[in-house]
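Below is one structure, written out as structure tokens, with a few remarks after it.
The values are calculated or read from the model by the stated rules, or taken from the named source; none is laboratory data. Since the structure is predicted, the reported quantities are computational estimates derived from the model, not experimental observations. So basically every Cβ, Gly included, is an ideal-geometry build from the backbone, and we count neighbours across all protein chains shown. Side chains included, ligands, DNA and RNA excluded: accessible areas come from the protein's heavy atoms. Shrake-Rupley method; radii C 1.70, N 1.55, O 1.52, S 1.80 Å.
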Amino acid sequence: MLITNATLLTLDPENRILEDQALYLENGKIAAIGPEKALQAWYPEAETLDARGQYVMPGNVCAHTHFYGAFARGMAIPGPAPKDFPEILQKLWWPLDKALDPDAIRLSAQIMLADAIRNGTTSLIDHHASPNAIAGSLDVIAEAVHQSGLRAVLCYEVTDRDGPERTRAGIEENVRFIEQISTSAKQQSAISNSPNPPITPSPSVGAGQSPNPKISATFGLHASLTLSDATLDACRNAARTLSDSVEGRGTGFHIHVAEHEADEYDSLEKSGLRVVDRLHKHGLLGPRTILAHCVHVDAAEIALIAETDAWVTHQPRSNMNNGVGVTPVESLLRAGVRVCLGTDGFPHSMWEETRFAYMLQKLHHRDPRRMPGNQLFDMLVGNNPALAGSFFPDAPLGILAEGAHADLIFVDYHPHTPFTPGNLPWHMIFGFHESMVTTTICGGQVLMQDRKLLTLDETAIAAEARELAPKVWERYEKYITKQ
Ligand SMILES: [Zn+2]
């Protein structure tokens, strides 16, 4: 496909804004970039998509989300409102995740994926829980991801909160799914290395059929406060058996860390160690591990995260909504930690998340000099794609360059002041809105064109979800009374 009449935001190290350009997409990658006339001459037969002068840029990345949370919208929590984050877990999320069956898991994922396409977020790192439907739950989500055409990294959150049988089931679901993805990746590379590779690699679900190169996996754990030492070791040992998995790079872990101070106090009581030290002792940190939140980590924990090269994700909207505190983003960055931005199940509007991060740090420190826009820009367009890209290493992610993954969005933005690579971060923070995203493309596949979704039927999905929601809420109420 040839995209014509585009103004490119390359977001590569040269960070250029290029007018009157065209992009040629082939086999899920950007095959050529150049002046429109030249590319039209090279690819006269190509199907054409006219960008009508809009900005064409890499799709956004969400580094931490929960596809399972869609049925929380508008749901009443019985009794007095939760007074803190531990009560929010007990009264909202834990009974709600127990109420999910495979249909609810699928619909919740479809709702979230449609939202991501609309918001121009093309890669997402999900963290899933459904204690009454563990085995195969990641296949249900993978099927929804496959249908949507988006790129996603999936895992199941292991926890001890529902008894040893479900702890084991959670570990097995991670192991099973990671092995499946690994097998798929090997098949995929066999296809692309064969002397006669198919023109278009056949996509598929991660359900053991032919490989979908846009789905990957990691090993999920809930949080230190619901995990015993024995379970932490069991997860590490299970992951070690997979050390040759996922393209031989070993697997990391995806876990919530110190979202509320209760996590730190629980860890100190259980082990005498703070959360990050405890995870390190059990061999869970490393350059492929994702630590979500890190609101209450101390200076030594920050140093240990930096030393082990683990990733941190920051979710300011969720933190504000739960009243848990403010992540020390600048301290983490100063220590050399790679901090990314996630949504934690909020709408997948990454510019909005970035704007909240920008405002929150300034208000918290009562100093408008804190959390400069260019640092947040580097997190959103540098760290986020670097993390997601590490799961899809066959091509660069998050830049417009020949050979990069063809994950693109068209943005109908009309700046009323000079718009340059130098002031791009502030145009993005103050000027860009997700409603300006008109077209979303992932791996060369057009998922939304001129605001019309092409892979998911939003109206039908919402209607089905509205019909199912009362049943999910009924089950939720049953479980909340049992808490
Ligand atoms: Zn989360």
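Just a few scattered comments:
- Solvent exposure, largest accessible area first (probe 1.4 Å, DNA, RNA and ligands not counted), of TYR476, TYR413: TYR413, TYR476
- Percent carbon-and-sulfur accessible area, region 425-483, ignoring ligands, DNA and RNA, probe 1.4 Å: 55 percent
- For VAL153, nonlocal amide neighbours, meaning residues 5 or more places apart or on other chains whose placed amide H falls under 5 Å from its own, are LEU124, ILE125, ASP126, SER216.
- Of the residues MET1, MET320, the one with the largest accessible area comes first in the ranking MET320, MET1, computed with a 1.4 Å probe on protein heavy atoms.
- Region 306-313 - phi-based ³J(HN,Hα) in whole Hz, Karplus 6.51/-1.76/1.60, Gly and Pro as x: 5, 4, 8, 6, 6, 8, 10, 10
- Counting only Cβ charges, +1 for Lys and Arg and -1 for Asp and Glu, the dipole size of region 43-144 around its Cα centre is about 460 debye.
- Per-atom-type breakdown for region 34-186 gives carbon and sulfur 55% of the accessible area (1.4 Å probe, protein chains only).
- Within the chain, the longest run free of GluC sites (Glu not before Pro) that sit in a DSSP loop with at most 15 other Cβ atoms within 10 Å is 48-401.
- Flagged links, alpha-carbon separation over 31 Å, of LYS214/LYS362; LYS270/LYS471; LYS29/LYS452; LYS281/LYS478; LYS362/LYS478: LYS214/LYS362; LYS270/LYS471; LYS281/LYS478; LYS362/LYS478
- For the chain, with +1 on Lys and Arg beta carbons and -1 on Asp and Glu, the positive-most of PHE430, ILE125, ILE33 along the dipole: PHE430
- Accessible area in square angstrom per residue, region 253-399, 1.4 angstrom probe: 36 Å²
- Per-residue accessible area (protein heavy atoms, 1.4 Å probe) orders LYS98, LYS37 as LYS37, LYS98, starting from the largest.
- Taken per residue, the accessible surface of region 6-129 reaches 38 Å², heavy atoms only and a 1.4 Å probe.
- With Cα atoms, 0 to 90° folded angle of helix 261-271 axis to the chain main axis: 60 degrees
- Close amide H contacts of ALA404 (hydrogens built in the peptide plane, cut-off under 5 Å, sequence separation of 5 or more or a different chain): ILE30.
- Mean residue ellipticity at 222 nm, helices only, the chain: -12000 deg cm²/dmol; runs of at least 4 DSSP H residues each add -39,500 (n - 2.57), and the sum is divided by the number of residues.
- Counting only the Cα atoms, region 239-324 fills a convex hull of 96 Å³ per residue.
- Helix 137-148 axis versus longest C-alpha principal axis of the chain: approximately 20°, rounded to the nearest ten.
- Relative to the longest principal axis of the Cα atoms of the chain, the long axis of helix 164-193 makes an angle of roughly 20 degrees.
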